[in-house]
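Scroll down for the structure; my scribbles are underneath it.
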Amino acid sequence: MFLTTYKLIKLIKEEICVQSSVKYQQVKLFQSLFEMAVRAKKYIYGSAFKGEPKLSDIQLVEEDLPPLKDGEILIEALFLSVDPYMRPYMTRYPVGTPMIGGQMAKVIDSKHSKYPKGTIVFAQVGWRTHTIVNPEELKIQEFYEFPKFEGLSPSLGLGYLGMPGNTSYFGFLEICKPKEGETVVVTGAAGAVGSLVGQIAKLKGCRVIGFAGSDDKCKWLEDELNFDKAINYKKGDMEKALKEAAPKGVDCYFDNVGGELSSIIIHQMNLFGRISVCGSISGYNDQEILVPAPQKKFVFSQLKMEGFIVWNWASRWFEGITEVGNWIQSGKVKYHETITLGFENMPKAFIEMLRGKNTGKAIIKKRQHINGLHNKKIIMMIRRLFSSNALKARKFLYVKPFKGEPTASNFELVEEDVPALKDGEILAAAEYISVDPYMRPYMANYEPPCTMIGGQIANFPKDEIIFGQFGWRTHKVLNPTERQKESFQDCYILPKCEGHPTSLGLGVLGMPGNTAYFGLLELCKPKKGETIVITGAAGAVGSLVGQIGKLQGCRVIGFAGSEDKCRWLENEYGFDKAINYKSENLYKQLKAAAPKGVDCFFDNVGGEASSMIFHQMNNYGRVAVCGAISSYNSEIPKVPAPQTIFVFKQLKMEGFLVWRWSHKWMEGITEIAKWVQDGKIKYHETVTENFENMPKAFIEMLQGKNYGKAIVK
């Protein structure tokens, strides 16, 4: 007997209890009949999903429910939810496991004083018609009495007033942190989450662009939800369409989809753009989608991408629900539900939701039967002058655009007369000049012929040494006062580090040093005992990152390009393990080196190695994207889209340029100088003699032939 007769039996029981002429045994007999009659239907994960789920993958079964115990309640589903996350989540469970999910339910029998019969609750109990629940054993986000919102259906507890609503509210506001006037892009914009994200963005004064899968959905987003532009991702040139819709670029991106579309959007993002990764539905049905590795864009636009799971905000659960509920009641937010009638149609509704056939929240309504960062002092010090007479300066020009790996023909050595000094000017003479990976992609932004960019350590009278961002040139005339208009790190007096060469101002006591210091400590925020992985670990930045990691009490694993470099990292710098990325079975080697997984990843390389490391990161792992050298000499490699792993492990990835910490520049240099003088930090320089060998040193650095910092003397 199924529970379609629940209320009928209940009425019989109650009626018998009031009849004084009925014997005790008869009452017990009918009570037993009532208790035995509670039979629930539920769906189980019958066959492992391969590609798009099929009806045959999900099986309907029945089970008898036991009598209620003290503190328990019996609930009956009113509305049940189907959501995109269910597709990848179920693959973590063995076949035979009940399908996961939430439902709005009604208490139909109770032995708990706080939940009398008739109470409407949200319960994360899966795809089932009836469930016995002990509320004290469940987390707040798994079971709660649904707040009353006058005139609103309890079905909203599965959408805007539930998990999808809080996903939109917290995932957008806490991670993207939108500002008035910014441009927000939302993928999966016609779904339960995306449609609310867009409306919240409009409430915050943003321009909102949504991507959806049909013209009808796009029309609904524009006409009903007031999106500024909605784009059908199945039609036309997406890159062109987005450029037209967002001519000033994109500031915030709420990503529900992943894949190629996300790659297009990310490459049109503005400086310091924020990406909230909610889902990766394009990859949920097992297709491996390869997209251009994002690290290069992340570095130069200093983007921040963070995956999340909404349960992070469990302690603030009702804050989101209350705020969104108020917006709905005041007419500021609109909603739409795609409702499928009948519990028996749950698998069909689930599959159609994954195909994008729903507008707004996809819900199943159970049929109800009877039951139902100069200061003046530094400037004054630099103002000591000396003059020049008929001095010739040499410099290298960038004369031909790079195509693949740079060659000597891309550069031309020229001479120029150094002009007589004017009042307030000084002449800097290069002692050491730097070659760095960033120069390769940066020069692509300049029109040939132009002077090669870069930093140098230069001599002044009276033994003063400065760092100057003067490019590949032997001499430079400058007016320090005018350079106040630029940034502090553009020209400054180098702090003294007794017993160590001034060339360190191009390495551990300069831009690479601060890159390592701030990039690791400010973005990865390593904790004692955590595991840090570094790619490009034998370079100027990577080798210092590893040593700082050790000073923080972390286990440090580095990737480098030769066995000699790996031995150097382990024997000289104290890395716990160094792996030659040119060897085989990198996944297996990393697994052995980091059996407990990876907590922090300092990425100098990008490409396939980075993708492999992402998949071994622990929950809440942090990724600092410093560079993408794997793509500097060639086309950007195609790698699996990272969104899925970012969501389920709630990873945070942030690209950066070190100039961000200009206001704290000397903090990093001073701290590292102390470590160097105390012997806590070691350094190595690969020095190329003679200015004319600048191109050769640059090319060899890009080929990975340097140990530590590559410089030209």
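The values are calculated or read from the model by the stated rules, or taken from the named source; none is laboratory data. Predicted, not measured: the structure shown is a model, and the values here were computed from it. A quick note on method: Cβ atoms are made from the backbone with ideal geometry, for glycine too, and the neighbour counts reach across all protein chains shown.
See the values below:
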{"item": "Qualifying residue in the stretch 313-323 (condition: at negative phi, touching a strand residue (DSSP E or B) at 6+ places or on another chain (Cβ under 9 Å) and crowded, with 16+ Cβ neighbours inside 10 Å)", "result": "yes"}
{"item": "Residues of the stretch 143-159 that turn out to be assigned to a loop (DSSP other than H, G, I, E, B), of a type outside the set (A, V, I, L, M, F, W, C) and farther than 17 Å from residue 116 by Cα, as a count", "result": "4"}
{"item": "Residues (within 19 Å of residue 280 (Cα to Cα) and among the acidic types (Asp, Glu)) located in the stretch 638-678", "result": "654"}
{"item": "Test: residue in the stretch 116-135 that is buried (at least 20 other Cβ atoms within 10 Å of the Cβ), of a type in the set (S, T, N, Q) and assigned to a loop (DSSP other than H, G, I, E, B)", "result": "yes"}
{"item": "Residue in the stretch 122-132 that is in the same structural domain as residue 322 (by TED's automatic domain parsing) and aliphatic (A, V, I, L, M) present", "result": "no"}
{"item": "Matching residues in the stretch 62-95 - criterion: being more than 19 Å from residue 188 (Cα to Cα) and acidic (Asp, Glu)", "result": "62, 63, 64, 70, 72, 76"}
{"item": "Search result, residues across the stretch 569-619 that are in a helix (DSSP H, G or I) and basic (Lys, Arg)", "result": "588, 591"}
{"item": "Flag for residue 204 being of a type outside the set (A, V, I, L, M) and in contact with a Pro (Cβ under 8 Å, 6 or more places away or on another chain)", "result": "yes"}
{"item": "Members of the stretch 545-563 that are surrounded by fewer than 24 Cβ atoms within 10 Å (Cβ to Cβ) and either in contact with a His (Cβ under 8 Å, 6 or more places away or on another chain) or among the aliphatic types (A, V, I, L, M) (or both)", "result": "551"}
{"item": "Qualifying position, being assigned to a helix (DSSP H, G or I) and under 24 Å from residue 619 (Cα atoms), among 513, 546", "result": "546"}
{"item": "Among (1) modelled with pLDDT under 80; (2) surrounded by 14 or more Cβ atoms within 10 Å (Cβ to Cβ) - the single one residue 498 does not satisfy", "result": "(2)"}
